[in-house]
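The values are calculated or read from the model by the stated rules, or taken from the named source; none is laboratory data. Keep in mind it's a predicted model, so treat the numbers as computed, not measured. Every residue, glycine among them, receives a Cβ derived from its backbone with ideal geometry; neighbour counts consider all protein chains shown. Surface areas here come from the heavy atoms of the whole protein model, side chains and all, with no ligands, DNA or RNA. Shrake-Rupley method; radii C 1.70, N 1.55, O 1.52, S 1.80 Å.
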Amino acid sequence: MNELATLPITQLAQLLDIQSTLPVLNANFDEMNAALDAWLEKFDTVLTVESVKEGKGAATEINKLKAQIKENKKSAIDKISTPIKKFDDNMRALENKCETVRQRILDQIKNFEDETREHCRLQLAAARSELWSQYNVKVEFCRATYDDMILISNVTDKGNLTKAALDKLATRVMADKALQDRTERRLLDLENKCYRAGLAAPLSRQHVESFLFDA
């Protein structure tokens, strides 16, 4: 294995040796200012009717000079910015390389977690059906839910449901069974009381359906 692959991330980051020299732009501003003042001085006049045309021509010439100065400035800045842009591109390439691998790992983690949750859901569904069957819970009373139990933490490393998850699910199924037993007892008790009361035919479930499941 490449020795670099074993470096701690802090040391790996320190391998990047950035050396910089502050950009310096120099120009003969004093000389240029003096020359510009001398050249522009000839235009420092008060225009008259006779010199308006000449003034328009002077304004055009001055604008050309201004445009040339601006172009020279832009050219100088672009030239000195080129290595900065190259440096920025190279740094971004390093960042993107890290992000590409990081995202690939995150995608794999998401896929694993999604598959684990789906496996958990199937395991819970199978376990619930088995428990309903084991306790002879009739369809009418099969009410236990497990949506809130579809968790990665409810699956062992071997892909089985954890004991805690099974116990929790069993408690919910037992609640279904208890409701079924209580309901059947109530109906049987109703029938017995009806006979003891001397009724020719006992009240049926449809007579007490509206409050059969009340506390």
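Looking at Ala170, Ala165, Ala144 in this structure, which one is within 19 Å of Leu131 (Cα to Cα), open to solvent by less than 50 Å² (accessible area, probe 1.4 Å) and outside any helix (DSSP H, G or I)? Lay out the reasoning, then the answer.
Numbers: Ala170 fails: outside any helix (DSSP H, G or I); Ala165 fails: outside any helix (DSSP H, G or I).
Exactly one residue qualifies, and that residue is Ala144.
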Legend entry - Of all residues making up the range 189-208, the number that are exposed (fewer than 11 other Cβ atoms within 10 Å of the Cβ) and among the hydrophobic types (A, V, I, L, M, F, W, C): 3
Legend entry - Pairs with Cβ under 8 Å, 6+ apart, first in the range 8-34 and surrounded by 10 or more Cβ atoms within 10 Å (Cβ to Cβ), second at pLDDT below 75: Leu12/Leu4
Legend entry - Inter-residue pairs, beta-carbon under 7 Å, first modelled with pLDDT of 95 or more and in the range 155-181, second open to solvent by 20 Å² or more (accessible area, probe 1.4 Å) and among the charged types (D, E, K, R), 6+ apart: Leu169/Arg128; Val173/Arg128; Asp176/Arg143
Inset, instruction - Go through (1) in contact (Cβ under 8 Å) with a residue 40 or more places away in the chain; (2) under 30 Å from Leu12 (Cα atoms) one by one and return the number of the condition Leu106 breaks. - result: (1)
Legend entry - The listed residue being of a type in the set (A, V, I, L, M) and more than 30 Å from Asn154 (Cβ to Cβ), out of Leu106, Leu22: Leu22
Legend entry - Residue check for Leu106: modelled with pLDDT of 95 or more and open to solvent by less than 50 Å² (accessible area, probe 1.4 Å): no
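Look at Cys120 and say whether it is open to solvent by less than 50 Å² (accessible area, probe 1.4 Å), outside any strand (DSSP E or B) and touching a Pro at 6+ places or on another chain (Cβ under 6 Å).
Details: open to solvent by less than 50 Å² (accessible area, probe 1.4 Å): yes; outside any strand (DSSP E or B): yes; touching a Pro at 6+ places or on another chain (Cβ under 6 Å): no.
No; evaluated as a whole, the condition is false for this residue.
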Legend entry - Which listed residue is open to solvent by 70 Å² or more (accessible area, probe 1.4 Å), closer than 30 Å to Leu12 by Cα and not hydrophobic (A, V, I, L, M, F, W, C), from Asn72, Asn111: Asn111
